[in-house]
Amino acid sequence: MRALIEYLARALAEHPDDVVVEEEHDGDRILLYLYVNDEDKGRVIGRDGRCANAMRSLLHVAAVRAGVRATLNIE
Amino acid sequence: MRIPDAPDELPTAPRLDAADDLDLAGGMLRDILNLLGLQGTEITARDPETPGDGAGLIAQVFDVYGEDDVASDELGLLIGRRGETLYHLQYLMNTIVGQRRENAPVFGLDIEGYRRRREQMLVDMAREIAEEVRASGDVITLEPMPAHERRIIHLTLETEAGVRTESVGSGENRQVEILPAE
């Protein structure tokens with residue numbers, strides 16, 4: 001799940017080396033925290049949050065497949 | 001054209017040295033399927049053929065199919081409710097290619113033939129309702145639909161005698177009206 005978000009964020013970012021994803025487990029819940037270069041925040045979130053929504057949508061697929069619940073926070 | 005199958009290690013970023021835009025987009029699609037654990041899938045690229053494919057708007061359509069029944073079932077999740085996840089994936093793919101390449105074309109995506117089936121359903125429905133409008137003279141408003149689905153209705157009825165179409169409302173509530181021709 002973390003690899004998926006890392007991949008997508010690196011693909012969107014102008015500074016892929018600055019992409020960091022932290023993963024926190026809380027029972028069957030997984031919390032992902034995405035950190036990107038300040039200049040990339042807009043790119044990763046997208047117009048009207050469309051990139052963030054699309055990433056969450058794919059994260060949901062990964063979570064269902066793994067039988068967990070996952071949420072993505074963009075810091 | 002076939003997009004190569006899974007490598008042994010999970011990808012960490014798109015290969016920006018891809019030969020062309022199609023390769024970059026197809027390679028990303030393969031990466032994302034691998035990251036989701038959907039390895040038993042075949043990706044092919046073809047020319048768009050119908051309004052639903054986005055003929056006239058997009059360069060190539062990627063068709064994703066499972067290699068067996070299990071893989072096909074699993075792909076259902078990637079289509080999502082009313083194709084929502086499919087459109088999200090298509091949006092991400094095009095956004096990333098558009099950021100990396102100048103004047104990149106737009107690519108389409110279909111999974112397990114979902115869009116083709118949905119298009120056929122919309123075409124059949126549009127024709128049936130046009131018939132009703134012609135017979136009754138009433139205006140009939142369809143349920144809200146995304147832009148590419150409304151486009152299918154408009155294009156289907158463009159050549160039908162006795163009716164015309166209009167879109168009303170805004171955002172997620174935008175709907176097609178089928179009206180008797182003046």
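Rounded to the nearest 10 degrees, the angle from helix A:2-12 to the longest Cα principal axis of chain A is 20 degrees. Association of chains A and B removes close to 2100 square angstrom of accessible area from solvent, both sides included, for a probe radius of 1.4 Å. Dividing the mean sequence gap of close Cα pairs (under 8 Å, 6+ apart) by how many residues chain A holds gives a relative contact order of 33 percent.
Quick check for me: using +1 on Lys/Arg Cβ and -1 on Asp/Glu Cβ, what's the dipole size of the stretch A:2-74 about its Cα centre, in debye to the nearest 20?
Numbers: 10 positive and 13 negative charges, 97 e Å.
It works out to roughly 460 debye.
Here chain A is described by how far its Cα atoms reach on the three principal axes: 34, 21, 16 Å, from widest to narrowest. Applied to the stretch B:152-157, the Karplus parametrisation 6.51 cos²θ - 1.76 cosθ + 1.60 on θ = phi - 60° returns per-residue 3J(HN,Hα) values of 4, 5, 4, 5, 5, 9 Hz, with x for Gly and Pro.
Think of it as helices only: each DSSP H run of n ≥ 4 in chain B is worth -39500 (n - 2.57), and spread over all residues that comes to -14000 deg cm²/dmol at 222 nm. Distance between the modelled labels on B:E143 and A:T71, one decimal in nanometres: 3.0 nm (7 Å Cα→Cβ projection).
Of the peptides B:116-122, B:92-98, how do they stack up when ordered by the mean number of other Cβ atoms within 10 Å, highest first? Before the final figure, lay out each step's value.
Values: B:116-122: 16.1, B:92-98: 20.0.
Ranked from most to least packed, the peptides come out as B:92-98, B:116-122.
Within 10 Å of the Cβ of each residue in B:27-33, the mean number of Cβ atoms contributed by other protein chains is 2.
When +1 charges are put on Lys and Arg Cβ atoms and -1 charges on Asp and Glu Cβ atoms, the dipole computed for the protein assembly as shown relative to its Cα centre reaches about 420 debye. Each Lys and Arg Cβ is given +1 and each Asp and Glu Cβ -1; about its Cα centre, chain B then shows a dipole of about 480 debye.
A simple spin-label model places the labels of B:E102 and B:A135 5.8 nm from each other, with each point 7 Å out along Cα-to-Cβ.
Here's the picture: a label point sits 7 Å out from the Cα of B:T50 along the beta-carbon direction, and within the stretch B:151-182 the residues with their amide nitrogen under 19 Å of it are B:151-160. Rounded to the nearest 10 degrees, the angle from helix B:69-79 to the longest Cα principal axis of chain B is 60 degrees.
If the segment from B:D73 to B:D17 were pulled out straight at 0.36 nm per residue, it would be longer than the present Cα-Cα gap by 16.8 nm.
For the stretch B:1-93, what is Rg from Cα atoms divided by 2.2 N^0.38 Å, rounded to two decimals?
Working: Rg = 13.2 Å, N = 93, 2.2 N^0.38 = 12.3 Å.
Ratio of Cα Rg to 2.2 N^0.38 Å: 1.07.
The ellipsoid that matches the Cα gyration tensor of the stretch B:43-182 has semi-axes, each √(5λ) in whole angstrom, of 31, 17, 14, with the longest given first. Percent of C-alpha pairs per 5 Å bin in the protein assembly as shown, short distances first: 1, 6, 12, 15, 17, 15, 12, 9, 6, 4, 2, 1, 0. Mean per-residue shielding of peptide B:81-88 is 3, counting Cβ atoms of other chains within 10 Å of each Cβ. Extension gain, B:R174 to B:E9: 0.36 nm times the residue separation minus the Cα-Cα distance gives 55.0 nm. In the protein assembly as shown, with Lys and Arg counted as +1 and Asp and Glu as -1 at Cβ, which of these residues, B:P180, A:L4, B:L89, has the Cα nearest the positive end of the dipole, that is, farthest along it? Most positive-ward Cα: B:P180.
Helix A:50-66 axis versus longest C-alpha principal axis of chain A: approximately 30°, rounded to the nearest ten.
The values are calculated or read from the model by the stated rules, or taken from the named source; none is laboratory data. What you see is a predicted model; the values in this text were computed from it and never measured. Quick reminder, even Gly has a Cβ in these numbers, built from the backbone with ideal geometry, and neighbours come from all protein chains shown. Quick note on the areas: whole protein, heavy atoms, side chains included, nothing else; ligands and nucleic acids left out. Shrake-Rupley method; radii C 1.70, N 1.55, O 1.52, S 1.80 Å.
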